[in-house]
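Report on one structure; see the data block that follows.
Each reported figure results from applying straightforward, stated rules to the coordinates on display, with no laboratory input. Because the structure is a prediction, the values reported are computed rather than measured. Positions of Cβ are backbone-derived with ideal geometry, glycine not excepted, and every protein chain shown enters the neighbour counts.
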Amino acid sequence: MPKIHDLDTPSILIDAARAEANIARAQAHADRNGLKLRPHIKTHKLPYWAKKQVAAGAVGITCQKIGEAEVMADAGLADIFLPYNILGRAKLERLKALHGRVTLSVTADSRDTLEGLAATFTDTGHPLSVLVECDTGMGRCGVQSADEAVALAKVIDKAGGLSFGGLMTYPAAGRAAEAEAWLAGAKRALAASGLACDRVSSGGTPDMWRSADTSVVTEYRPGTYIYLDRYQVAKGVGTLDDCALTVLATVVSHPTPNRAILDSGSKALSSDTLGLKDFGELLGVPGALVTGLSEEHGTVTLSDNAGLRIGERVRVVPDHCCVVTNLFNEVTLIDGETILETMPVAARGLMG
């Protein structure tokens, strides 16, 4: 069997057993707390893992872009949520075609988005489910008040080819209680207006573990949980031993005792740190941190007692694994040092 040291670098390695364990742990948590799990494929972008997530008990998957959803539909995934404002004739036509193939739901946070959806989807016998996106503290997309949520829900409800599907949010990290209160108030306002709200969808891996069966949230959309990364470890979701994704890199220079250079820069490790100070850390080399990135060079700062050899292979745990996935054409599944399979990242680079 081929070994990881036979691979060229940089390469993405996925510890298959760790990813499987992370899937099982999250599904068990969701089941215990009466939550439906709808994993976000943005982390892995692979039908292989999406199917494993559904087989473990997920009700469906989440995709951020139509291109991702098309790839997943082609692979046989049948229930897809697109929590994104879809605008423009070309995208709406693609969305309509996708609606004819799978169970589809989307979101909207403005009348502008709804006008395009209502003009495109006119079949009252097969309406498109539309959730209202709510800004519960993230400061990104979403209506700003319960009254606005009700107003949009009424527009959806009156459109013949649309159906009101519920509420959706991506809450600010660490502010789950604030999001809970916001959504509970919006749900009460909807009920007072005669609109049922059976589905309340939330996301974000760290706060999923703080969910309880008393929550107004009915569905969770975690993404990073399958691989984990340094950010998730910093948030207490797991340990480095739970991280399934690493980047295999080669030491190409060692100019000083405390500085080594890897062949993995911002095009392999990403400069998206999610607020962490460094860009990654080396497994098995205590205190070795990736402290700088240029396009093709990764600068590693070493402690006084840590030394690396030029030509040595190292494995880097990145800060944000989702972005790293999108930088590579393929990933390699491993069992220890053994290569199990190399597969293309099917939904890589699909931004539209």
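Which trypsin sites (Lys or Arg not before Pro) in the range 134-179 pass both tests, a DSSP loop state and at most 16 other beta-carbon atoms within 10 Å?
Numbers: sites: Arg140, Lys154, Lys158, Arg175; in loops: Arg140, Arg175.
For trypsin sites (Lys or Arg not before Pro) across the range 134-179 that sit outside H, G, I, E and B with at most 16 neighbouring Cβ atoms in 10 Å, the list reads Arg140, Arg175.
For a quick check: with amide H placed at 1.01 Å from N, whose amide H comes under 5 Å from Thr62's, ignoring anything fewer than 5 positions away on the same chain?
His40, Ile41, Phe81
Take the Cα radius of gyration of the range 170-223 and divide it by 2.2 N^0.38 Å, with N its residue count; two decimals is plenty.
On the way: Rg = 11.3 Å, N = 54, 2.2 N^0.38 = 10.0 Å.
Taking N as the residue count of the range 170-223, the ratio is 1.13.
Please report the relative contact order for the chain, taking Cα pairs under 8 Å with a sequence separation of at least 6, and give it as a percent rounded to a whole number. Walk me through the numbers before you get to the answer.
Values: 775 pairs, mean separation 72.3, N = 352.
Once divided by the residue count of the chain, the mean separation gives 21 percent.
Given the alpha-carbon gyration tensor of the range 1-66, what are the semi-axes of its equivalent ellipsoid in whole angstrom, ordered largest first, with each equal to the square root of 5 times an eigenvalue? List each step's numbers first, then the result.
On the way: eigenvalues 146, 46, 15 Å².
Semi-axes from the Cα gyration tensor: 27, 15, 9 Å.
Pull up the cross-link candidates among the aspartates and glutamates for Lys96, meaning alpha carbon to alpha carbon under 12 Å and not fewer than 8 places away within one chain.
Of all the aspartates and glutamates, those that pass the test against Lys96 - Cα under 12 Å, at least 8 places apart if same chain - are Glu70, Asp123.
List every residue whose amide H lies under 5 Å from the amide H of Ala346, counting only residues 5 or more places away in sequence or on a different chain, with H placed 1.01 Å from N in the peptide plane.
none
Using 20 Å as the Cα-Cα cut-off, could you pick out the over-long pairs in Lys45/Lys267; Lys45/Lys65; Lys52/Lys91; Lys154/Lys187?
Check vs 20 Å cut-off fails for Lys52/Lys91.
Can you tell me the convex hull volume per residue for the range 16-226, based on C-alpha atoms, in Å³ to the nearest whole number? Walk me through the intermediate numbers first.
Details: hull volume 22.6 nm³, N = 211.
Taking only Cα atoms, the range 16-226 has a hull volume of 107 Å³ per residue.
Sort Met72, Met208, Met343 so that the residue with the fewest other Cβ atoms within 10 Å of its own Cβ comes first and the one with the most comes last. Each step should come with its number before you reach the end.
Values: Met72 27, Met208 22, Met343 15.
Ranking Met72, Met208, Met343 by Cβ neighbours within 10 Å, fewest first, gives Met343, Met208, Met72.
How big is D for the chain, in µm² s⁻¹ as a whole number, if Stokes-Einstein is applied with the Kirkwood radius of its Cα pairs at 25 °C and 0.890 mPa s?
Working: Rh = 21.4 Å.
Once the numbers are plugged in, D ends up at 115 µm²/s.
Counting each DSSP H run of 4 or more residues in the chain as -39500 (n - 2.57), what helix-only mean residue ellipticity at 222 nm follows after dividing by all residues, to the nearest 500 deg cm²/dmol?
Numbers: 11 runs with 104 residues, N = 352.
After summing the helix terms and dividing by the residues of the chain, the value is -8500 deg cm²/dmol.
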